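Every read-out reported here was derived from the displayed coordinates using simple, explicitly stated rules and does not represent laboratory data. Not measured: the values here are computed from a predicted model. Here the Cβ positions follow ideal geometry from the backbone for every residue, glycine too, while neighbour counts run over all protein chains shown.
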Amino acid sequence: MYFTLKLMIMPCRPLLYLVIALLLISCTSEGKPEGQDATSEASTNEFATFSSFDGEQIAYFDEGEGPAVMLLHGFINSAASWEGTELKKQLRAQGFRIIVPDLRGNGNSAKPQTDTGYADFAEIKDLQALADHLKLEEYMAVGYSRGSILLANLLTREPRISRAIIGGMGIDFTNPDWPRRIQFADAFSGVVALTPETEGAVNYAKSINADLRSLHLQQKHQPSTSPDALREVSIPIMVLVGNDDKDNGDPGQLERLFPNGRLNIIPGDHNTTYRKGVFAAATMAFLKGG
């Protein structure tokens with residue numbers, strides 16, 4: 001077709017320019033490089049930031065217009081960990097508003113290098129400040145792994161959460177002297193020899209250029225929430241854990257602390273369960289009141 005067109009317009013150079021211009025306009029229209037239709041999909045991958053309670057910049061993703069759901073990621077991770085999961089796909093498809101922060105010290109958020117930046121429940125205050133910033137009157141929340149540890153504490157302070165899922169976590173984080181937390185805080189300090197339990201995590205963090213000092217401080221100042229405090233949380237809670245996820249204590253003991261709790265054990269291990277369809281199905285049913 002290009003060759004035929006060239007022969008037809010060769011005798012008239014002005015006509016050649018006109019045809020080329022029309023072709024360019026046509027290609028621009030079909031490709032939609034400008035305008036809402038062309039950018040709507042890309043915009044879901046753009047993060048925003050806000051100034052938190054202490055002036056640190058916290059990054060977050062916010063997409064959709066339905067009932068709000070906040071997703072909280074785990075250790076050595078970021079908001080990007082939820083991308084591509086079956087859960088996020090279903091939340092999009094079923095009309096939920098999806099809010100995913102980069103927790104302090106991770107992703108595109110600020111990474112303070114002093115104890116002050118993480119002490120006194122700083123990460124919890126970030127989440128409350130984010131809800132304030134977005135003017136949320138009510139929202140649901142899903143945590144996984146360390147995100148669940150933060151969520152558990154947030155539940156004792158945040159009346160706007162209507163229901164929540166604590167994923168990939170058992171009872172052990174309620175112990176302020178939890179040996180596993182201390183072990184990982186020491187490992188990321190850089191002054192303690194690594195163990196078979198911590199070596200993989202530290203090496204992984206180095207491989208993705210994570211901020212090791214920040215990771216150390218996250219573990220050092222990680223909040224522990226007492227069983228008595230969790231017993232005061234009256235909203236519906238689901239503890240959702242893979243059957244091969246055994247590193248963080250008994251999920252049944254955790255579930256029994258909540259007056260309106262339920263336990264759901266599904267196939268999977270700690271590192272991959274939250275990405276699977278069975279996790280998404282259980283989560284969606286619960287968020288919709290099931």
_Relative contact order for segment 60-287, counting Cα pairs under 8 Å that sit 6 or more residues apart, in percent_ = 23
_Between Asp132 and Ala229, what is 0.36 nm times their sequence separation minus the Cα-Cα distance? Round to one decimal in nm._
32.6 nm
*Report, for segment 60-287, the % of DSSP beta bridges that are antiparallel, rounded to 5.*
15
*Using θ = phi - 60° and the Karplus curve 6.51 cos²θ - 1.76 cosθ + 1.60, what whole-Hz ³J(HN,Hα) does each residue of segment 105-121 get, with Gly and Pro shown as x?*
x, 9, x, 8, 7, 4, 10, x, 10, 10, 4, 4, x, 10, 6, 6, 6
_Using a Förster distance of 25 Å, the FRET efficiency for Gln183-Glu65 (Cβ separation, nearest 0.05)_ = 0.05
*asked:* Taking a virtual spin label 7 Å from the Cα of Ala80 along the C-beta vector, which residues in segment 89-109 bring their backbone nitrogen under 13 Å of it?
replied: 102, 106-109
*Go through 221-232, 150-161 and give me the packing order, highest mean Cβ count within 10 Å leading.*
150-161, 221-232
*What does the convex hull of the alpha-carbon atoms of segment 60-287 project to on average, in nm²?*
11.3
*Using the Kirkwood formula over every pair of different C-alpha atoms, what hydrodynamic radius in Å results for segment 63-110?*
11.1
*Pop a pseudo-label 7 angstrom from the Cα along the beta-carbon direction at both Asp54 and Lys246 and give the gap in nm to one decimal.*
3.9
_Paramagnetic reach from Ile265 (point 7 Å along Cα→Cβ, amide N under 15 Å) across segment 134-171_ = 168-171
*Sticking with the crude label model, points 7 Å out along Cα→Cβ, report the distance from Arg256 to Thr114 in nm, one decimal please.*
4.5
_Net charge around Arg180, counting only other residues with Cβ within less than 15 Å of its Cβ (Lys, Arg = +1; Asp, Glu = -1)?_
-4
